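The values are calculated or read from the model by the stated rules, or taken from the named source; none is laboratory data. Keep in mind that this is a model prediction, so the values were computed, not measured. Heads up, the Cβs are rebuilt from the backbone with ideal geometry, glycines too, and the neighbour counts pull from every protein chain shown. SASA here: full protein model, heavy atoms, side chains in, ligands and nucleic acids out. Shrake-Rupley method; radii C 1.70, N 1.55, O 1.52, S 1.80 Å.
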Amino acid sequence: MTPAVPAARSRPVGAVTRGTTNPNRLRRVDNWIAATCADLIRDTPDPVVVDLGYGASPVTVVELRARLAAAVRPDVRVVGLEIDPVRVAAAAPAADPPGLTFARGGFELAGLRPVLVRAFNVLRQYAEPEVVPAWRTITGALQPGGVLVEGTCDELGRLAAWLLVDPTGARSLTLAARLSTLDHPGSLAERLPKALIHHNVPGAGVHALIRALEDGWRDAAPYATFGPRQRWLRTVESVRAAGWPVLDRPARWRLGEVTVAWAAVAPPGTADPPG
């Protein structure tokens, strides 16, 4: 078995993030990971999961471990990695080894070989040309079959978007919202991952997706009488009926989610696996 927190093999790769975080900010993506990546975590002989760049507070790492242990695998081992040694030291009192530990590290993952990495609100601060190289560095350190979940959210976790990435590149985009506070699907555009946010312009796939959701939301206005969930369900159904490659089912839509294939929204030159 791989040690819970091996010594870093090289200097951490990356830059210190702003560190902003809040309790339950990442609940939506955590629950998606627990549902969508459960088999991946259950099937590995070494269930190591990394929360990369957790910020100034370890709260979201603690929550991730609790959710995965309860819903997926009790012996899952979650490691919070931060470049800032001050943040690592501050998180130490929250550690509960071997299931929950903290270490200094960046995109190189400090010598760990996790089955899954969650990196939220990390790459948003980087330049777009740096994103794919960061994906390659992270996924190059994964266990065989491992994945990266990379995305952004607002300060309270009401709006979020994330990508599922493996060593061949991005595979899917998920948009998620707290439906009780969603004014309209276009609000999600503000939280697109760095790889997409500058491509939300006419003629681009992600712009067309947001427009399709906006159109569906408008057309589903009569369903608002039955609540925002029914309106969202109708919206996503209309998007799928229009030919968008929606990968999930109504059970996920009911939670305010929709997942589409990356190829439908990928910027030019990124739809194919990176060399």
Tell me, what is the percent relative contact order of region 165-240, built from C-alpha pairs under 8 Å that lie six or more residues apart?
24 percent
For every other residue with a beta carbon closer than 11 angstrom to the beta carbon of A189, add +1 if it is Lys or Arg and -1 if Asp or Glu, then tell me the sum.
0
log₁₀ of I(q)/I(0) at q = 0.15, 0.24, 0.35 Å⁻¹ - region 128-167, Debye sum with one point per alpha carbon
-0.42, -0.80, -1.12
Which semi-axis lengths, in whole Å and largest first, follow from the square roots of five times the eigenvalues of the Cα gyration tensor of region 74-121?
16, 15, 9
Helix axis angle, 59-71 relative to the chain longest principal axis, alpha carbon, degrees
80 degrees
Helix-only CD estimate at 222 nm, as mean residue ellipticity for the chain, using -39500 (n - 2.57) per DSSP H run (n ≥ 4):
-8500 deg cm²/dmol
For the chain, what is the percent of antiparallel DSSP beta bridges, rounded to the nearest 5?
55 percent
Please list, ordered by chain and number, the residues whose modelled amide H lies under 5 Å from the amide H of R171; skip anything fewer than 5 residues away on the same chain.
L164, V165, D166
Within the set G105, G53, G203, GNM on the chain using Cα springs under 10 Å gives the largest fluctuation to G203
To the nearest 0.05, the calculated FRET efficiency linking A242 and A127 through their beta-carbon distance, R0 being 41 Å, is 0.75
Compute log10 of I(q)/I(0) for region 178-275 with the Debye formula, placing one identical point scatterer on every Cα and leaving out solvent, at q = 0.16, 0.18, 0.25 Å⁻¹, to two decimals.
-0.66, -0.83, -1.43
Could you work out the per residue convex hull volume over the alpha carbons of the chain, in cubic angstrom?
119 Å³
In whole percent, the fraction of accessible protein surface over region 118-266 that belongs to carbon or sulfur atoms, probe radius 1.4 Å, stands at 54 percent
List, in order, the whole-Hz ³J(HN,Hα) value for each residue of region 212-222 obtained from phi through the Karplus relation with A = 6.51, B = -1.76, C = 1.60 and θ = phi - 60°; use x for Gly and Pro.
5, 5, 4, 5, x, 5, 5, 5, 8, 3, x
Along its principal axes, what span do the Cα atoms of region 32-164 show, with the longest given first and each in whole Å?
38, 33, 32
Compute the signed sum of charges (Lys and Arg +1, Asp and Glu -1) over the other residues within less than 12 Å, Cβ to Cβ, of W232.
+4
